[in-house]
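Scroll down for the structure; my scribbles are underneath it.
The values are calculated or read from the model by the stated rules, or taken from the named source; none is laboratory data. Note that the structure is predicted; figures quoted are calculated from it, not measured. Glycine also receives a Cβ, built like all others from the backbone with ideal geometry; neighbour counts cover every protein chain displayed.
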Amino acid sequence: MSDDVILRVSDLSTRFFTTDGQINAVESLSLEIEEGEVFGIVGESGSGKSVTARSLIRLIESPGRITSGTIDYRDEELAEAVREDYPEAVDGAFVDLLAIPEDVHRSLRGTAFSMIFQDPESSFNPSLTVGEQIAEAVEVQRRASSNPRSTRARTRSSAYSLRSYAAAAVLPGRGYVSSDSKDRAIELLQQVGIPDPEQRVDEYPHEYSGGMLQRAMVAQALAGEPDVLVADEPTTALDVTIQAQVLDILRDLQEETGMTILLITHNLGVIARMCDRVGVMYAGEIVERGSLGDVFDRPTHPYTQGLLGSIPDLDAAGGRLQPIGGNVPSLLDAEMGDRCYFADRCPKAMEECLEKPAEYPAEGTDDHAARCYLADHPYEASQALPEDYFEESEPP
Amino acid sequence: MRLTRFLLRRTAQGILVVWGVITLVFLLRFITPGSTIDFVAPLDASPELRQRLAEDLGLNKPIYVQYADYIVNLLQLDMGNSLLKGRPASDVIFARLPATLELAIAATIVAILFSIPLGVISATRRHQPVDYGATGFSLIGISTPNFWLGIMLILIVGVNLGWLPTSRRIIGFGPALELLIFEGRTIGIQVWFEHILLPSITLGTYFTALITRLTRNGMLEELGQSYVEVTRAKGLPETLVKYKHVLRNTMIPIITVLGLQMGTLIGGAVITESVFNWPGLGTLIIDAINSRDWPLIQGSLIVIGVGFVVINIVVDALYMYFNPQVTFE
């Protein structure tokens with residue numbers, strides 16, 4: 001195991017148990033993220049990107065559940081603190097985030113890792129000022145740091161309840177946030193480039209524009225000085241110029257603080273602009289991973305090739321888009337079977353693909369790998385599946 | 001400031017509304033069947049006597065003169081003499097008003113105290129026994145008729161168990177409080193409390209059930225909003241997520257219904273008042289209507305109208321507090 005790895009996800013599966021059946025949103029996903037890098041996860045809608053992000057901060061709500069796997073997070077202090085109470089969660093300097101109780105985990109949110117969400121407009125509480133909401137995030141961190149991790153679990157739960165009920169119901173917001181945190185919120189707003197932060201801090205979300213709200217969300221996510229920032233489609237709801245601004249802010253902050261960013265997006269341009277390494281996600285799995293150059297310049301998995309091929313080429317005038325045929329599979333357990341999930345859309349599907357492919361090294365190294373038989377084997381036209389193979393075999 | 005300006009404007013609007021109520025109440029007399037004279041005069045009264053009575057009451061003047069007199073008198077807080085009791089209608093009404101207000105406020109307090117925590121617990125422990133208990137209670141509470149509940153409470157708590165008095169209001173809250181403050185005797189408050197407990201439970205049960213259901217559904221809806229996930233992601237303690245963020249946004253529909261319900265309670269809870277022999281406005285109005293006691297009817301309706309307007313202004317001010325997007329521009 002590398003010393004640089006800060007987050008190591010192995011065999012993570014997240015399922016949703018709906019009345020229609022079991023949905024395998026994330027399927028035995030494994031990845032390693034190194035400290036200080038920007039790791040991108042790219043994939044189509046419905047490929048399980050957002051569920052992956054939420055699994056990392058353990059915010060999967062019923063009917064969903066993380067059914068297997070470990071998420072090891074490197075933090076020596078934390079490992080030391082929980083070693084005694086939860087020895088099974090600790091492995092050297094790594095702590096399995098799925099094996100610690102909820103209140104310990106909550107104390108890590110905002111401080112060890114925080115998250116930027118997709119839609120800034122609906123990500124703020126409409127009835128509290130933006131500054132109040134950012135100051136809350138600061139306050140969480142302040143209280144956590146004045147309260148050593150080992151004792152967090154014990155002192156947390158009961159202390160707030162009654163007082164906060166009274167304070168929150170009668171005088172919402174007066175009970176929790178200190179004025180220092182409010183000042184820090186102003187600094188943070190300034191840092192993400194909000195003009196007039198002293199005045200803006202007391203305004204409500206509906207008085208902000210979408211781009212400003214997204215910046216405010218970046219400020220909120222940074223409030224706890226997290227080690228890992230999970231950004232789930234941080235720019236999708238924004239128009240292109242604002243997208244660029246928000247990405248620049250993220251990039252600058254990353255360089256300044258050296259934090260690790262996990263960037264989740266369907267936008268290949270954003271990935272190309274921001275990331276050091278990339279994982280391509282399809283049907284709940286990472287189908288190809290490697291450095292940005294590996295994956296974008298020498299894609300190995302037919303899906304990655306198709307994805308990159310579907311980008312319109314401005315130089316080739318009049319050329320038509322090259323879409324990938326078919327749709328993302330439904331992820332419903334009953335319909336998935338035990339084959340390569342991309343085989344039905346794959347132009348190079350072979351008989352081998354009817355079995356679930358392992359992760360094969362591409363280009364001979366483990367740094368660039370693909371979940372495709374072809375990564376390590378030549379394509380044999382004689383074994384190709386007939387084009388209508390899946391249409392016949394699938395139920396009507 | 002924002003709030004002061006808002007209150008000033010709303011008060012001006014409220015005065016207009018009250019004037020509308022006053023006018024409608026006045027006109028009501030002319031479109032209701034049955035002449036006032038017939039109720040006031042003895043059955044065997046001679047035409048001359050009836051004529052004199054009509055003149056005394058000013059009933060023979062043209063409508064616009066009557067209207068002007070009526071408005072001028074009202075401005076001096078003179079609602080005329082109650083035909084039935086021979087005393088000023090305002091005296092009769094204001095003697096009854098405290099009883100009604102006490103009951104309305106007590107029922108509202110019962111409702112708020114039980115319903116909001118119950119709704120929150122129910123929503124946050126969805127599909128657990130507590131939730132089933134709370135939803136079961138609100139279903140029963142909403143469907144139980146007031147009069148039946150009142151009678152049952154009287155029968156069980158008052159008669160069979162003998163814990164509480166069955167009816168009447170021996171002492172008002174004001175005098176009881178005076179007794180406590182000036183003479184240091186708690187007996188007044190105690191007697192007052194014993195008497196108001198059953199009526200306010202009777203009146204408050206439907207209210208509680210309604211608000212419980214509203215709180216639960218509102219909380220569930222708000223808990224599904226994406227800002228809740230964001231709030232959790234930044235590590236805020238769950239109590240704050242629920243009370244500071246979610247409950248606050250749930251309060252808006254709750255306040256609306258609270259205001260409407262309180263308004264109807266000020267109009268007098270006729271049935272509950274009758275069951276408990278509670279001397280409030282509701283029974284007074286019924287008596288006044290039955291005997292065509294117009295000054296009393298008009299006065300009561302005006303008081304209720306003013307009450308409604310005041311509650312609505314308070315509700316709107318609370319809206320502004322809970323939802324900054326509301327501006328009323």
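Things to note:
- Unique match (being crowded, with 16+ Cβ neighbours inside 10 Å, touching a helix residue (DSSP H, G or I) at 6+ places or on another chain (Cβ under 7 Å) and either in the same structural domain as residue B:194 (by TED's automatic domain parsing) or not in a helix (DSSP H, G or I) (or both)) among B:114, B:26: B:114
- Residues satisfying the stated conditions in the range A:50-64, i.e. surrounded by fewer than 19 Cβ atoms within 10 Å (Cβ to Cβ), closer than 19 Å to residue A:226 by Cα and more than 8 Å from chain B (Cβ to nearest Cβ): A:58
- Taking every residue in the range B:1-18 that is loosely packed, with under 12 Cβ neighbours inside 10 Å and pairing it with any residue that is not hydrophobic (A, V, I, L, M, F, W, C), at least 6 positions away or on another chain, the pairs with Cβ-Cβ distances below 9 Å are B:2/B:327; B:3/B:321.
- Number of the exception - residue A:130 against (1) away from every other protein chain (no Cβ under 14 Å); (2) touching a Pro at 6+ places or on another chain (Cβ under 9 Å): (1)
- Residue A:46 vs. criteria surrounded by fewer than 19 Cβ atoms within 10 Å (Cβ to Cβ) and farther than 25 Å from residue A:279 by Cα: no
- Scanning the range A:231-259 for residues being part of a helix (DSSP H, G or I), buried (at least 19 other Cβ atoms within 10 Å of the Cβ) and charged (D, E, K, R) gives a total of 0.
- Looking only at the range A:83-96, and only at residues there that are touching a helix residue (DSSP H, G or I) at 6+ places or on another chain (Cβ under 6 Å) and touching a residue at least 12 places away in the same chain (Cβ under 8 Å), the one that is surrounded by the most Cβ atoms within 10 Å (Cβ to Cβ): A:95
- Checking each residue in the range B:134-164 for being free of Cβ contacts under 8 Å to residues at least 60 places away in the same chain and assigned to a helix (DSSP H, G or I) picks out B:136, B:143, B:148, B:149, B:152, B:153, B:155, B:156, B:157, B:158, B:159, B:160.
- Residue, farthest from residue A:212 (Cα to Cα), within the range A:135-156, restricted to residues that are modelled with pLDDT of 85 or more and more than 9 Å from every other protein chain (Cβ to nearest Cβ): A:138
- Candidates B:51, B:76, filtered to the one that is under 31 Å from the mean Cα position of the chain (by Cα) and either over 30 Å from residue B:216 (Cβ atoms) or without any contact (Cβ under 8 Å) to a residue 12 or more places away in the chain (or both): B:76
- Residue within the range B:231-240 that is surrounded by fewer than 24 Cβ atoms within 10 Å (Cβ to Cβ) and either more than 30 Å from residue A:103 (Cβ to Cβ) or β-branched (Val, Ile, Thr) (or both) present: yes
- Of all residues in the range B:167-175, at least one satisfies being hydrophobic (A, V, I, L, M, F, W, C) and not in a helix (DSSP H, G or I).
- Residue within the range A:264-285 that is buried (at least 22 other Cβ atoms within 10 Å of the Cβ), out of contact with any Pro (no Cβ under 8 Å at 6 or more places or on another chain) and of a type in the set (S, T, N, Q) present: no
- Only strands (runs of 3 or more DSSP E) whose full extent lies in the range A:9-110 are considered here, and the ones with at least 1 residues that are among the basic types (Lys, Arg) and touching a Phe, Trp or Tyr at 6+ places or on another chain (Cβ under 7 Å) are A:64-74.
- Selection from the range B:64-84 of residues that are out of contact with any helix residue (DSSP H, G or I) (no Cβ under 9 Å at 6 or more places or on another chain) and not small (Gly, Ala, Ser): B:64, B:65, B:69, B:72, B:73, B:75, B:76
- Positions within the range A:211-230 being within 13 Å of another protein chain (Cβ to nearest Cβ) and not in a loop (DSSP other than H, G, I, E, B), in sequence order: A:213, A:214, A:216, A:217, A:218, A:219, A:220, A:221, A:222, A:228, A:229, A:230
- Counted residues, the range B:173-231 - those being basic (Lys, Arg) and either in contact (Cβ under 8 Å) with a residue 24 or more places away in the chain or within 14 Å of chain A (Cβ to nearest Cβ) (or both): 2
- None of A:361, A:386, A:378, A:357 is surrounded by 21 or more Cβ atoms within 10 Å (Cβ to Cβ) and without any contact (Cβ under 8 Å) to a residue 24 or more places away in the chain except A:357.
- Verdict on residue A:122 being at the interface with chain B (Cβ under 7 Å from one of its Cβ atoms), of a type in the set (Gly, Ala, Ser) and over 24 Å from the mean Cα position of the chain (by Cα): no
- Every residue from the range B:109-135 that is touching an Asp or Glu at 6+ places or on another chain (Cβ under 9 Å) and within 12 Å of another protein chain (Cβ to nearest Cβ): B:121
- Selection within the range A:103-119 - within 22 Å of residue A:235 (Cβ to Cβ), at the interface with another protein chain (Cβ under 7 Å from one of its Cβ atoms) and touching a helix residue (DSSP H, G or I) at 6+ places or on another chain (Cβ under 6 Å): A:110, A:114, A:115, A:117
- Flag if residue B:239 is without any contact (Cβ under 8 Å) to a residue 12 or more places away in the chain, among the polar types (S, T, N, Q) and in a helix (DSSP H, G or I): yes
- Residues of the range B:263-281 classified as assigned to a helix (DSSP H, G or I) and either of a type in the set (Val, Ile, Thr) or surrounded by fewer than 24 Cβ atoms within 10 Å (Cβ to Cβ) (or both), total: 8
- Flag if residue B:91 is under 30 Å from residue B:171 (Cα atoms), without any contact (Cβ under 8 Å) to a residue 12 or more places away in the chain and assigned to a helix (DSSP H, G or I): yes
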